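I have placed the structure first, in the form of structure tokens, so that the comments after it can refer back to it.
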Amino acid sequence: MELKIKKGELPSHFADRMGYAYTSNINKDRKKENGQYFTPNKIADYMSSLSTKTNQNMLNILDPGCGTGTLSCSLIEYLIENNKSLIEINLTCYEIDEDLILYTKQVLNYLIKWIKNHNPNIKFNYKIKNVDFVLNNQFAFNERSLFSIDENNEKFDIIISNPPYFKISKSDERAIIAASIVYGQPNIYSIFMMLSALLLSKNGEMIFIVPRSFASGPYFRLFRKQFFNTTLLKYIHIFNSRKRAFKRDNILQENIIIKTVNNGKSPNDKVTISTSESIEDLEDATISQYPLEEIIDMESKQKILYIPLNLKDEEIIKIFQKWKNNFEKNFIKISTGPVVAFRKKDYLVDNIDSSNKNFSPLLWLTNTKPMRLVFPGSRKKKQYIEDCSTTQNVLVENRNYVLLRRFSTKDDKSRLIATPYFAESFNQSKIGIENHLNYIYKYKGELSKYEVMGLAALFNSSLFDSYFRTFNGNTQVSATELKEIPLPSMSKIESMGVELLESNELSQNNIDSIINEKILA
């Protein structure tokens, strides 16, 4: 498609129009298959402004998933305006969609003309590689070059990208190449990030806009370990709205802009974190700085990336970091509900006679509310499971537990929803816990009534919710993550449960008030 260039139009704006023209002519399935969500101009300009390469006379730039070239054009426009020493730019772009490349070539040919008009002394070269970025650069994942690529291989001073987002199977060739950072089913964007970090030149910088999901969770742990050992985190921007960063493409995703550099680490390293509601207020973003060690604890097993949005979040992180206990030290464990309903559907029933001991209650996500168990729950869910030889491996002893939802919904005010469960609730010796729930229990003895209430209240508290949001950017609650979270001592948690039961008041205000009195004192 040929689009007429507007008088005085910036190449990045032309690229944006070309991207819109392209996506208007393809179906949603193809767009989703290639993970093609093009970067709006305002975000591209903001990302470009994070570059500090304003005094280097020659720059090698990489855009590993270029689309129509909006990010590359915006970056080059910024550099030409702000780097008066610049005499040569070499741009390498990767794009696997052959149809899209026809649009990209029009944009980059216009960029050549625009550069000649603005500064004819700058030499500009570009190449578009119509090959898979990961497959073409797999050498970087060789063990011998994990942290230092052979000097003969091409390196880049700036890598800027809005990489594709989609999951690939563990058997995918790209996942096999990136096996050192892969656990479970990987998302392609994390492989793009790691590979780009390995392709940076000395003092090179990479600026990406990606989902926030890599910041925590067991599936990205290996990635976080290698990525943050390879490159130094310098800047994060987070959008408070999940809907408005890519609203043109209807993307409901917590995205962050992240900048890292390849120049080693020092004890005084700082990370800048900025936040805005959406694209519209980017120029008025709130900006703070934090010591790197407060944002990523590289000594921990999970290497979680914390993203505080304000002074309150910063103080909450410090409170948790002071606590020296966790699940293991408090002699408690967390497991995922073992009942996968569709696999045991022949053993599920709606109702039973109260005296029937051959069936156990089956607890679903819909049975759990903050601080209370609702049984029976949804009429759509069968509430009992047969207690027989076939189901023994998925039933658990009827003991005191704290039930914790593994997923939150868009209507939930809190990411964590915890429910106290007491064995006295049912006469049966065993119960079923469906797979969308986690359950917390004591592995030496049994949780007391007060411990159950204290733990449930702690997980339902505003304090815990705020802390959880500083590192978790999605709706899933991972048992692996929770095991690592610092906790107060069990005696403090128990004292909270005592006060809650004595007050006979389970409101959010009362929970938060008792947290302040018992836990934070």
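The values are calculated or read from the model by the stated rules, or taken from the named source; none is laboratory data. Just so it is clear, the model here is predicted, and its values are computed rather than measured. So basically every Cβ, Gly included, is an ideal-geometry build from the backbone, and we count neighbours across all protein chains shown.
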Practice prompt. Kindly list the number of the only condition in (1) under 17 Å from Thr39 (Cα atoms); (2) at pLDDT below 95 that fails for Ser85.
Written response: (1)
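Looking at the range 382-415, which of the residues that are of a type in the set (Lys, Arg) and over 13 Å from Ile433 (Cβ atoms) is surrounded by the fewest Cβ atoms within 10 Å (Cβ to Cβ)?
At the first step, the residues of the range 382-415 found to be of a type in the set (Lys, Arg) are 382, 399, 405-406, 410, 413, 415.
Add one more test, that the residue is over 13 Å from Ile433 (Cβ atoms), and what stays is 382, 410, 413, 415.
Working: Lys382: 18, Lys410: 7, Lys413: 10, Arg415: 21.
Ranking the qualifying residues of the range 382-415, first place goes to Lys410.
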Discussion item. I'm checking my understanding of the structure. Among residues of the range 496-521 that are at pLDDT below 90 and surrounded by 15 or more Cβ atoms within 10 Å (Cβ to Cβ), which one is nearest to Leu416 (Cα to Cα)?
Written reply: Ile519
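May I ask you to list the residues in the range 284-322 that are among the charged types (D, E, K, R), surrounded by 11 or more Cβ atoms within 10 Å (Cβ to Cβ) and either under 22 Å from Ser266 (Cβ atoms) or over 19 Å from the mean Cα position of the chain (by Cα) (or both)? Break it down stepwise before answering.
Here is the first cut: in the range 284-322, the ones among the charged types (D, E, K, R) are 284, 293-294, 297, 299, 301, 303, 312-315, 318, 322.
Now drop any that are not surrounded by 11 or more Cβ atoms within 10 Å (Cβ to Cβ), which leaves 293-294, 297, 301, 303, 313-315, 318.
Passing the criteria: Glu293, Glu294, Asp297, Lys303, Glu314, Glu315, Lys318.
Keeping to the range 239-274, report how many residues are among the polar types (S, T, N, Q) and either under 16 Å from the mean Cα position of the chain (by Cα) or at pLDDT below 65 (or both).
Within the range 239-274, the first condition is being among the polar types (S, T, N, Q), and the residues that meet it are 240-241, 250, 253, 255, 260, 262-263, 266, 268, 272, 274.
Among the residues that remain, those that are also either under 16 Å from the mean Cα position of the chain (by Cα) or at pLDDT below 65 (or both) are: 240-241, 250, 253, 255.
Looking only at that region, the number is 5.
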Discussion item. Among the hydrophobic types (A, V, I, L, M, F, W, C), within 15 Å of Cys93 (Cβ to Cβ), surrounded by 21 or more Cβ atoms within 10 Å (Cβ to Cβ) and at pLDDT 95 or above: which single residue out of Ile209, Ile128, Ile160 fits that description?
Written reply: Ile160
Worksheet entry | Residues of the range 271-283 satisfying the condition of being surrounded by 12 or more Cβ atoms within 10 Å (Cβ to Cβ) and either free of Cβ contacts under 8 Å to residues at least 60 places away in the same chain or not assigned by TED's automatic domain parsing to the domain that holds Ile209 (or both) | Val271, Thr272, Ile273, Ser274, Thr275, Ser276, Glu277, Ser278, Asp281
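Given the criterion of a type in the set (Gly, Ala, Ser) and touching a helix residue (DSSP H, G or I) at 6+ places or on another chain (Cβ under 6 Å), identify the matching residue among Ser85, Ser51, Ser74.
On the way: Ser85 fails: touching a helix residue (DSSP H, G or I) at 6+ places or on another chain (Cβ under 6 Å); Ser51 fails: touching a helix residue (DSSP H, G or I) at 6+ places or on another chain (Cβ under 6 Å).
Sole residue among the options that is of a type in the set (Gly, Ala, Ser) and touching a helix residue (DSSP H, G or I) at 6+ places or on another chain (Cβ under 6 Å): Ser74.
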Practice prompt. Could you pull out the residue among Ile493, Ile440, Ile433 that is surrounded by 17 or more Cβ atoms within 10 Å (Cβ to Cβ), part of a strand (DSSP E or B) and more than 25 Å from the chain's Cα centre (by Cα)?
Written response: Ile433
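May I ask you to verify whether Lys259 is assigned to a strand (DSSP E or B) and either in the same structural domain as Ser49 (by TED's automatic domain parsing) or over 30 Å from Leu199 (Cβ atoms) (or both)? Steps first, answer last, please.
Working: assigned to a strand (DSSP E or B): yes; either in the same structural domain as Ser49 (by TED's automatic domain parsing) or over 30 Å from Leu199 (Cβ atoms) (or both): yes.
It is true that Lys259 is assigned to a strand (DSSP E or B) and either in the same structural domain as Ser49 (by TED's automatic domain parsing) or over 30 Å from Leu199 (Cβ atoms) (or both).
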